[in-house]
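Engineer: Okay, here's the structure, questions in a sec.
Just so it is clear, none of the values below were taken in a lab; they were calculated from the coordinates. This one's a predicted model, so the numbers in the text were calculated from it and none came from an experiment. Ideal geometry is used to build each Cβ from the backbone, glycine not excepted, and the neighbour counts take in all protein chains shown.
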Amino acid sequence: MKNYYRIMLGQKSIYAKQAYEGNYIGADFGISNDLVSYLSDRREFSKKFIPQLLERHPDKTKVSAGLACGMLWTIAKGVQQGDIVLCPDGQGGYYVGEVAGAYEYHKDQILPHRRAMRWFPRVISRDEMSESLKNSAGSIGTVSNISKYAAEIDVLISGMRSTPIISTDETIENPSEFALEKHLEDFLVQNWKSTELGKQYDIYEDEGEIVGQQYPSDTGQIDILARSKDKKTIVVIELKKGRASDVVVGQVQRYMGFVKEELAEADQSVRGIIIAFEDDVKIKRALAVAPNIEFYTYKINFKLEKK
């Protein structure tokens, strides 16, 4: 299945024009190795390069180094030929194109870890995007998976404006709920401190910027990665997003396994939280034997007041 990514080409898109004119996307992260020999296994890739990143940046946490390593892996290996990439052009628009080649290392060049691109002639303006897509396409970090907006992006590429609520993901049982909870994730992050979860946990940040939304793992993107205020617990938070109950429970458990093995320090525990629109007996049954995962539901309160 085709995936869609937002990729920054240098800080503040400083290399966007050069990459567009050179028909490539790329990254640096201070790793000067040719990666071609290390791309067969993501776990081994992380074991090799996370220590290098921590050595070069001793002020970083394992979570920050893991994020950088995950983004480098995604550009070098995770992105597949035929996937669609949006790159901010630094002027309020996005270059859009299709990945056209495998990983290449260009020693001593800017963004040396590269993939060839076939750029489309049309630049997408931020003004054309829905508010939710704007937020995801403008998120912090070099790489952001925006595949959940595939239908809208395809419409924008074609030059049309209307966006139907559809999903080609067979694990999604309710496309309307999925569409609603795309917005809920952004709302949660933007209003985190005023939520019940915000009293106990902080979303991971790096140098004052949120990096815990859509955090990359070797089995997918974690909706929200947070840490208890005493820093003793890392929590994986997943929105059900219309998915089958068994799918979302299994996904949370896989993400928790990733965090425990790859990111957690020796003195940190790992917990999970599932958030759904309504009570779900299947989730509650599954979690009855998973005491380290909590289940929350949310309510939407919409009110008009005459002035």
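Engineer: Between the stretch 265-291 and the stretch 85-105, what is the C-alpha centre distance in whole Å?
Structural biologist: If we compute the Cα centre of each part, the gap is 37 Å.
Engineer: Based only on Cα atoms, what Rg/Rh ratio does the chain have, Rh being taken as Kirkwood's radius? Please list the in-between numbers first.
Structural biologist: Working: Rg = 19.6 Å, Rh = 20.4 Å.
That ratio is 0.96, to two decimals.
Engineer: Rg and Dmax of the stretch 175-297, using alpha carbons, in Å: what are they?
Structural biologist: Rg then Dmax for the stretch 175-297, in Å: 13.7, 41.
Engineer: For K299, go through the aspartates and glutamates and keep the ones whose alpha-carbon is under 16 Å away, minus same-chain ones fewer than eight residues off.
Structural biologist: The qualifying aspartates and glutamates are E177, E181, E185, D186, E196, E278, D279, D280.
Engineer: Within the stretch 1-37, what residues put their amide N at less than 17 Å from the label point 7 Å along the Cα-to-Cβ vector of E55?
Structural biologist: Under 17 Å, as judged by backbone N against the label point of E55, lie 29-35 of the stretch 1-37.
Engineer: Something else now. List every residue whose amide H lies under 5 Å from the amide H of W119, counting only residues 5 or more places away in sequence or on a different chain, with H placed 1.01 Å from N in the peptide plane.
Structural biologist: For W119, whose amide H was placed from the backbone, the distant partners under 5 Å are E98.
Engineer: Along Cα→Cβ, 7 Å out, is where each label goes; now give me the distance between the ones at H106 and K193 in nm to one decimal.
Structural biologist: Each label point lies 7 Å from its Cα, and together they span 4.2 nm.
Engineer: At what distance in nm do the modelled label points of E205 and E128 sit from each other, each positioned 7 Å from its Cα along Cα→Cβ?
Structural biologist: Spacing of the two 7 Å Cα→Cβ label points: 3.5 nm.
Engineer: Also: Could you work out the relative contact order of the stretch 4-158, using alpha carbon pairs under 8 angstrom and six or more residues apart, expressed as a whole percent? Don't skip to the answer; put the middle values down first.
Structural biologist: Details: 251 pairs, mean separation 48.9, N = 155.
Across the stretch 4-158, relative contact order equals 32 percent.
Engineer: What's the extension gain from N292 to V247 if we count 0.36 nm per residue and subtract their Cα-Cα distance?
Structural biologist: Details: separation 45, 0.36 × 45 = 16.20 nm, distance 1.73 nm.
Stretched fully, the N292-V247 segment lengthens by 14.5 nm.
Engineer: Suppose R0 equals 25 Å; then what is the FRET efficiency for D34 and Q11 from their Cβ-Cβ distance, rounded to the nearest 0.05? Don't skip to the answer; put the middle values down first.
Structural biologist: Numbers: r = 23 Å, r/R0 = 0.93.
About 0.60, to the nearest 0.05.
Engineer: Once both labels are modelled 7 Å past Cα along the beta-carbon direction, what's the D267-R43 spacing in nm?
Structural biologist: Between D267 and R43, the label points sit 2.8 nm apart.
Engineer: Given the DSSP H assignment, sum -39500 (n - 2.57) over each helix run of at least 4 residues in the chain and divide by its residue total; what's the result at 222 nm in deg cm²/dmol, nearest 500?
Structural biologist: Numbers: 8 runs with 87 residues, N = 307.
Result for the chain: -8500 deg cm²/dmol, rounded to the nearest 500.
Engineer: Give a residue-ordered list of calculated ³J(HN,Hα) values for the stretch 84-101 (Karplus: 6.51 cos²θ - 1.76 cosθ + 1.60, θ = phi - 60°; whole Hz; x for Gly, Pro).
Structural biologist: 9, 10, 10, 10, x, 8, x, 10, x, x, 10, 5, 10, x, 10, 5, 10, x
Engineer: For the stretch 4-158, just the Cα atoms, rotate onto the principal axes and tell me the three extents in Å, largest first.
Structural biologist: 43, 28, 26
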